[in-house]
Protein chains: 2
Amino acid sequence: MIIAKTVAEMKKARNALKGSVGLVPTMGYLHEGHLTLVRRSKAENMATVVSIFVNPTQFGPGEDFGKYPRAPEVDLEMLEKLKTDVVFMPMPDVIYPPEFNTWVTVEKVTERLEGAVRPGHFRGVATVVNKLFNIVRPDKAYFGQKDAQQCVVVKKMVSDLNMPLEIVIVSTVREPDGLAMSSRNVYLSPEERKAAVVLSRSLKLAEDMIAGGEMNADKVREAMRSLINREPRAFIDYISIADGATLDELIEVKKDAVISLAVRFGRTRLLDNMVVK
Amino acid sequence: MIIAKTVAEMKKARNALKGSVGLVPTMGYLHEGHLTLVRRSKAENMATVVSIFVNPTQFGPGEDFGKYPRAPEVDLEMLEKLKTDVVFMPMPDVIYPPEFNTWVTVEKVTERLEGAVRPGHFRGVATVVNKLFNIVRPDKAYFGQKDAQQCVVVKKMVSDLNMPLEIVIVSTVREPDGLAMSSRNVYLSPEERKAAVVLSRSLKLAEDMIAGGEMNADKVREAMRSLINREPRAFIDYISIADGATLDELIEVKKDAVISLAVRFGRTRLLDNMVVK
């Protein structure tokens, strides 16, 4: 396994790879969700590159960039076991040299949900992903459905800028009780961890209502809200039922709609979502 | 010579090219300046792609998008003679489909000179050039020094976003009397055309002053201004002596400084520049 720390090292490693290349962009502190992306890339490509980079530009001023969990040694061990070909692990100034001044902005689909709560977040995401795609030049890149809006934004950027690769979205991996895997779950106290199951339970409730014929989006949102509000540790940021491509909020539930929510537990913000079948 | 009108046609033509590929992005209405770029690309690459696209997003509301000169048949004849391999000639909605929403913004170097006079201009330039690079995937792309700030912006975008290609800047081609070639020269009345020689004459004056040891940038700017103001048809937008990489205005002339100016003749705005040796 090659560990590249500079752009030049990564480009050299890339040029030595033969056949199709898959990229799994991560912020490290890997869990089973990331490993599933790596396995999928391994199955679909001749070679797999994993990037580990806690991207400063997608964190707002009051957010958790400094304390975002990091464990590079453990990450590398996991990736080695999966026979990852290359790990790209740059320092921040490799990606953002002092005179860096170019930004990729996806408008409209970034204005709502996470984009409304975290101004500038998706500009940071789009810019770093654009750079990673240019450095690694993958044939396919793999993203987890857990960050539903990020998936929409990355696919829109690739389509709008005609980037020559395919984006593959992989289903969310969950803990046995239903909690979506996330590096930020480590922030939860034992009580918050137990309470956090309410996100996936509210999605299950929505799924059951829709399976039972409920097409009124407000009724579904309200049922979810009422379920979550019964959990005293949970504070809802938003509950959304939106068009899967535009993220416009829906009046009527439809196929491929994305039901997503952000809920705070103390200082920890958790996301989850499902796509309507 | 293949003429590609859609992204799919262009990608197909690109995949059939062998060896290194040069791209010459143009807005058509080709003159000797463009043809020099094409010849240079031919000399340095196995195959050459020329794009012809009058990019609506780099024109402001009051600008000349609608009346920008177009002569696609003549352009194609010229490119055929030079044995161009592929011409990419998309319609605006091929590049900007209705739901298009992603922009590439280069900050700072776009704030002054053309960027100050034409807000949004360089966002349009950076975005369309980014897309052309992703569609054509050239090894090298060729730009004329005549649009000095555009050269700086494109190089900065490529460097900041780690785009996998080299930008080649080619010297300005001039008419016998010194006027820099530009598709917009066609707008000039015979009297304005004669008066327009004042741009290159003012640059020659600056060159002579600097060769004579004048390093005070303000003295050079003032001498240029005074020369141009003696031409009653000429209205100066700006005269700049700036750092070649940052475009910060200089107090002292130095090597690689860019002396650039924009001057209006009636409704026609002309640019010219020189790099200090």
Next on the checklist: Please give me the summed charge of the neighbours of B:ALA4: other residues whose Cβ is under 11 Å from its Cβ, Lys and Arg +1, Asp and Glu -1.
Outcome noted: +2
Next on the checklist: Please rank B:SER189, B:SER41, fewest neighbouring Cβ atoms within 10 Å first, as an exposure proxy.
Outcome noted: B:SER189, B:SER41
Checklist entry - Label A:ARG174 and A:SER20 with points 7 Å out from Cα along Cα→Cβ: what is the distance between them in nm? => result 3.0 nm
Checklist entry - If you bin the C-alpha pair distances of segment B:110-235 every 10 Å from 0, what whole percents do you get? => result 11, 31, 35, 20, 4
Checklist entry - For the protein assembly as shown, what does -39500 (n - 2.57) per DSSP helix run (n ≥ 4), summed and divided by total residues, give at 222 nm, in deg cm²/dmol to the nearest 500? => result -11000 deg cm²/dmol
Next on the checklist: For segment B:206-249, what does the relative contact order come out to in percent, with C-alpha contacts under 8 Å and a separation of six or more?
Outcome noted: 27 percent
Checklist entry - Roughly how many whole Å is it from the C-alpha centroid of segment B:85-100 to that of segment B:1-76? => result 12 Å
Checklist entry - By counting other Cβ atoms within 10 Å of each Cβ, how are A:ILE259, B:ILE228 ranked from fewest to most? => result B:ILE228, A:ILE259
Item to check | Exercise: per-residue mean of other protein chain Cβ atoms within 10 Å, A:129-135 | outcome: 4
Checklist entry - Taking the label point 7 Å from Cα in the Cβ direction, how far apart in nm is B:PRO97 from each other copy of itself, listed shortest first? => result 3.5
Item to check | Largest-first ellipsoid semi-axes for the protein assembly as shown, taking √(5λ) over the Cα gyration tensor eigenvalues, angstrom | outcome: 50, 25, 24
Checklist entry - If amide H atoms are built 1.01 Å from N in the plane of the peptide, which residues on other chains or at least 5 residues away come under 5 Å of the amide H of A:LEU250? => result A:ILE241, A:ALA242, A:ASP243
Checklist entry - Which whole-number percent gives the relative contact order of segment A:183-275, counting Cα pairs below 8 Å spaced six or more residues apart? => result 29 percent
Checklist entry - If we sort B:55-61, B:229-235 on the protection proxy, mean other Cβ atoms within 10 Å, highest first, what's the order? => result B:55-61, B:229-235
Checklist entry - How far is B:GLU63 from the same spot in each other copy, in nm, shortest first, if each label point sits 7 Å from Cα toward Cβ? => result 3.3
Checklist entry - Can you give the mean number of other chain Cβ atoms that lie within 10 Å of the Cβ atoms in peptide A:93-102? => result 4
Checklist entry - So how tilted is helix B:121-136 from the main axis of chain B? Cα-based, degrees 0 to 90, rounded to 10. => result 30 degrees
Checklist entry - According to the square roots a ≥ b ≥ c of the eigenvalues of the Cα gyration tensor, what is the shape class of segment A:159-230, taking rounded for a/c under 1.5, prolate for a/b larger than b/c otherwise, and oblate for the remainder? => result oblate
Next on the checklist: Quick check: the angle from helix A:72-81's long axis to the longest principal axis of chain A, C-alpha only, nearest 10 degrees?
Outcome noted: 80 degrees
Item to check | Beta bridge orientation in chain B: antiparallel %, DSSP, nearest 5 | outcome: 50 percent
Checklist outcome for this item: For segment A:171-185, Karplus-derived ³J(HN,Hα) couplings (6.51, -1.76, 1.60; θ = phi - 60°; whole Hz; x for glycine and proline) come out as 3, 4, 9, 10, 5, x, 7, x, 4, 5, 5, 7, 4, 6, 4
Checklist entry - Once Rh for chain A is found with the Kirkwood sum over Cα pairs, what is the Stokes-Einstein diffusion coefficient at 25 °C and 0.890 mPa s, in µm²/s? => result 126 µm²/s
Item to check | Rounded Å value of the spacing that divides the Cα centres of segment B:199-277 and segment A:224-242 | outcome: 63 Å
Item to check | Exposure proxy order (Cβ contacts within 10 Å, fewest to most) of B:LYS155, A:LYS18, B:LYS5 | outcome: A:LYS18, B:LYS5, B:LYS155
Item to check | Inter-copy spacing of B:LYS204 label points, which lie 7 Å from Cα along Cα→Cβ, given in nm from shortest upward | outcome: 8.4
Next on the checklist: Using Cα-Cα distances under 8 Å and only pairs 6 or more residues apart, what relative contact order does chain A have, in percent?
Outcome noted: 17 percent
Checklist outcome for this item: Per-residue average of other protein chain Cβ atoms inside 10 Å, peptide B:103-116 -> 3
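Laboratory data are not the source of any read-out in this text; all were calculated from the coordinates shown. Nothing here was measured: the structure is a model prediction, and the numbers come from that model. FYI the Cβ positions are ideal-geometry reconstructions off the backbone, even for glycines, and counts take in every protein chain you see.
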